[in-house]
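The values are calculated or read from the model by the stated rules, or taken from the named source; none is laboratory data. If you're wondering where the values come from, they're calculated on a predicted model, not measured in any experiment. For neighbour counting, all protein chains shown are included, and Cβ atoms are generated from backbone atoms with ideal geometry for every residue, glycine included. These accessible areas exclude ligands, DNA and RNA; they are computed on the full protein's heavy atoms, side chains included. Shrake-Rupley method; radii C 1.70, N 1.55, O 1.52, S 1.80 Å.
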Amino acid sequence: MDFLSDNKTEALLEVRSSGDAYFITKKILDIQTKKRIKGAGSTWAIKRGESYYFNMIYSDDFLNGIFIKLDVVGRYCLSLLDKSTFNRVKAGSVNPYGGGALGLLANSSITWNKALKDSTDSKRYIVFIDTKSIEPADSPRKEGSRGNLLTRKKVSELMKNNNIEGEAKDMSFEEVIALIKSENAKSR
């Protein structure tokens with residue numbers, strides 16, 4: 001709710017590791033006291049510099065504390081992951097299905113058919129967040145929107161809402177982003 005209402009709390013951020021499109025926090029500290037802020041690990045998003053970063057504990061696909069950069073901010077927020085960043089996010093996630101052969105297979109199936117090809121024919125993934133869809137709190141998450149890999153079903157819904165003919169599977173990475181940006185422009 002603070003993200004939607006642009007209500008910010010200043011804090012010191014100690015980073016454990018980072019890349020161009022993500023970071024992992026070590027500590028989030030109060031500016032005055034330099035003490036850890038209680039409950040800061042369940043922060044929904046952090047603004048670092050001019051960019052917003054989404055906390056992946058709010059994902060059902062990849063439950064971990066990695067913050068990923070939001071490339072599109074609006075009613076629909078998007079994080080555009082290249083293969084390297086995707087692998088980093090996936091490597092840090094908890095496998096809710098267990099460590100056996102079936103658990104590993106079930107966990108890997110989360111990402112099946114969710115990659116899109118961009119104009120350079122590279123695999124890209126989109127983490128999609130509908131900020132109007134608020135889920136109740138469940139440990140370790142507070143109340144907030146979930147961010148999951150964009151599915152073809154969701155793209156089909158957006159196409160239908162925009163009277164776009166065709167199949168979601170035929171849309172390119174760039175076309176999907178343009179569609180979502182168009183939807184964001186409508187909801188301003």
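At-a-glance table
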item	result
Potential extension, Glu183-Ser18 segment - 0.36 nm per residue separation minus Cα distance	56.3 nm
Spin-label pair Asn163/Glu175, simplified geometry with 7 Å Cα→Cβ offset, distance in nm	1.9 nm
Heavy-atom accessible surface of the chain: percent carbon and sulfur, 1.4 Å	48 percent
Part-to-part distance (alpha-carbon centres) for the stretch 149-171 and the stretch 18-97, which is given in Å	27 Å
Two-decimal Rg/Rh across the stretch 14-92, once Rg and the Kirkwood Rh are taken from alpha-carbon atoms	0.97
Accessible area of the chain divided out per residue, in Å², using a probe of 1.4 angstrom	58 Å²
Accessible area of Ile37 in the full protein assembly, 1.4 Å probe (Å², nearest 10)	60 Å²
Modelled FRET efficiency - R0 22 Å, Gln32 with Leu4, Cβ distances, 0.05 increments	0.25
Against the rule of thumb 2.2 N^0.38 Å, how large the Cα Rg of the chain comes out	1.06
Length-normalised contact order of the chain in % [C-alpha pairs under 8 Å, at least 6 apart]	16 percent
Packing-based ranking, highest mean first, of 142-149, 14-21 given that Cβ atoms within 10 Å are counted	142-149, 14-21
Solvent accessible area, Å² - Asp61, 1.4 Å probe, full protein context	20 Å²
Estimated distance in nm for a label pair at Ser133 and Ser84, the labels positioned 7 Å out from Cα along Cα-to-Cβ	3.1 nm
Among Asn55, Asn64, Asn162: highest mean-square fluctuation, GNM of the chain, C-alpha pairs under 10 Å	Asn162
